[in-house]
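Engineer: Let me begin by handing over the structure; questions about it come next.
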Amino acid sequence: MDITNKVVVISGGCSGLGLATAKYCIANNAKVALIDIDAEKLHEVSNEIGALAVVADVAKSSAVESALQVISNAYGDIQVVVNCAGIAPAKRMVGRNGPMPLDVFANVININLLGTFNVMRLFAHKMSTQNVIENPNGSDCERGVIINTASVASYDGQIGQAAYSASKGGIVAMTLPLARELAQFGIRVMTIAPGIMATPMVETMPDDVQESLAATVTFPKRLGNPSEYASLVGHIVSNSYLNGSVIRLDGSLRMLAK
C-alpha cells in the first residue's frame, strides 16, 4: 500500500513515537488524524504539523466511537491505524509500603492493552466496510493495516515493570489471532516492540542515566530515534507481506534483571 493520500490515524500522537510517525506520514503526503487525551498539547501539535486533532481517552468506548465518527466525517475511508497511546509507570508488586494497589495495575492494563484493543475493534470494523484499496502492482485486495506498539519489556521486563510488561505482552499475544481474524477483510495487523527510544520521557533523565541506558544496547550503542520507529511504520504500510508478526526495534537489546 502506498501511503500517499491515505488516511492515517495515530493514537498518542502528541509526542514521542506517535508524533514522529505523524510527521513522517505528513512528509509522505498522507492525511493524518491524531487522537490524544491531552487537549491543549494535541491542538498545539496538530496546528503545527497540519493534522486533524481529536481529543479522546482510548480506554473509553464512547470516546473512541466519537473520534471515529469525527475522523470519518472529515476524511472518509481510513487505511492505517497506529496505536502509540500508553503509559509506563514503574512500581514493584511488593514494595516498602506493602502490595501494589490493584487499581495501579488495572490502570496500566486499561490504557495500554484495553485502550489498544478498543481502538482496534472500532476502526477495524470501519475498515471492514470500506472499498478495497486500488493496487496497480497486484491484487492483494487490501483494505487497511493496523500497527500496534508493544515493547521489549514484553519479553524481558525488569523489576517494577510487571504491569507494563503484562500490558505490552498482551498486545504481542493478540497480534497473530487478530491478523488471522481480520484477514477475511483484507486488514493486516502488525506490532512493533521498541527498545529504549529517545522519547521525551527518557530525554528528561540525567545525561549519565541516558548514557548507561545506551550502553546496554548491542549495536548501535545509542538510544533509538523515534524517526526510526516512524520509518518502520512506513515500511510496514508499504510491504503487504508483513502481517501477524512482532518486529523488535531495539539494536539487539536484551534487558537483564537488575
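Engineer: Looking only at residues that are touching a strand residue (DSSP E or B) at 6+ places or on another chain (Cβ under 9 Å) and among the hydroxyl-bearing types (Ser, Thr, Tyr) in region 207-240, which one is farthest from Ile3 (Cα to Cα)?
Structural biologist: Only one residue tops the list, namely Tyr229.
Engineer: Within region 91-111, can one find any residue that is in a helix (DSSP H, G or I), in contact with a helix residue (DSSP H, G or I) (Cβ under 8 Å, 6 or more places away or on another chain) and under 19 Å from Pro226 (Cα atoms)?
Structural biologist: For region 91-111, residues in a helix (DSSP H, G or I), in contact with a helix residue (DSSP H, G or I) (Cβ under 8 Å, 6 or more places away or on another chain) and under 19 Å from Pro226 (Cα atoms): absent.
Engineer: Name every residue in region 179-215 that is surrounded by fewer than 19 Cβ atoms within 10 Å (Cβ to Cβ) and of a type in the set (Val, Ile, Thr), in order of residue number.
Structural biologist: Val202, Thr204, Val209, listed by residue number.
Engineer: To continue, here is another question. Given the residues Thr216, Thr191, which is the only one that is more than 23 Å from Met93 (Cα to Cα), polar (S, T, N, Q) and at pLDDT below 95? Even if it seems obvious, please write down each step before you answer.
Structural biologist: Values: Thr191 fails: at pLDDT below 95.
The match here is Thr216.
Engineer: Still on this structure, I have one more. Going through region 1-40 one residue at a time, which ones are under 24 Å from Ile196 (Cα atoms), of a type in the set (D, E, K, R) and assigned to a helix (DSSP H, G or I)?
Structural biologist: Scanning region 1-40 gives a single hit, Lys23.
Engineer: Name the helices (runs of 4 or more DSSP H) wholly inside region 141-258 in which the number of residues that are touching a helix residue (DSSP H, G or I) at 6+ places or on another chain (Cβ under 6 Å) and hydrophobic (A, V, I, L, M, F, W, C) is 1 or more.
Structural biologist: Answer list for region 141-258: 153-156, 162-182, 226-238.
One line per residue, one yes/no per condition, for (1) surrounded by fewer than 21 Cβ atoms within 10 Å (Cβ to Cβ); (2) β-branched (Val, Ile, Thr); (3) over 27 Å from Ser167 (Cα atoms); (4) touching a Cys at 6+ places or on another chain (Cβ under 9 Å):
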| residue | (1), (2), (3), (4) |
| --- | --- |
| Ile26 | yes, yes, yes, no |
| Leu52 | yes, no, yes, no |
| Ala56 | no, no, no, no |
| Ala74 | yes, no, yes, no |
| Ala85 | no, no, no, no |
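Engineer: Right, here's the next one. Of the residues Ala67, Ala53, which single one is part of a helix (DSSP H, G or I) and under 24 Å from Leu113 (Cα atoms)?
Structural biologist: Values: Ala53 fails: part of a helix (DSSP H, G or I).
Within the list Ala67, Ala53, the selection yields Ala67.
Engineer: Would it be correct to say that Ser15 is surrounded by 15 or more Cβ atoms within 10 Å (Cβ to Cβ) and either under 17 Å from the mean Cα position of the chain (by Cα) or under 13 Å from Val82 (Cα atoms) (or both)?
Structural biologist: Yes: the conditions hold for Ser15.
Engineer: Need pairs with beta-carbon distance below 9 Å; first residue in contact (Cβ under 8 Å) with a residue 60 or more places away in the chain and more than 14 Å from Met197 (Cβ to Cβ) and within region 231-258, second surrounded by fewer than 17 Cβ atoms within 10 Å (Cβ to Cβ) and of a type in the set (D, E, K, R); sequence gap 6+ or separate chains.
Structural biologist: Val237/Asp2; Ser238/Asp2; Ser240/Asp140; Gly244/Arg180; Arg254/Asp156; Leu256/Asp156; Ala257/Asp156
Engineer: Now for a different question. List every residue pair whose Cβ atoms lie under 7 Å apart, where the two residues are 6 or more positions apart in sequence or sit on different chains, the first residue falls within region 87-111 and is modelled with pLDDT of 95 or more, and the second residue, located anywhere, is of a type in the set (D, E, K, R).
Structural biologist: Between residues of region 87-111 that are modelled with pLDDT of 95 or more and residues that are of a type in the set (D, E, K, R), the close pairs are Met100/Lys91; Met100/Arg92; Val104/Lys91.
Engineer: Would you say Thr129 is modelled with pLDDT of 95 or more, surrounded by fewer than 16 Cβ atoms within 10 Å (Cβ to Cβ), out of contact with any strand residue (DSSP E or B) (no Cβ under 8 Å at 6 or more places or on another chain) and hydroxyl-bearing (Ser, Thr, Tyr)?
Structural biologist: So Thr129 passes the test.
The values are calculated or read from the model by the stated rules, or taken from the named source; none is laboratory data. Computed from a predicted model, the values in this text were never measured in an experiment. Backbone-built Cβ (ideal geometry, glycine too); neighbour counts: all protein chains shown.
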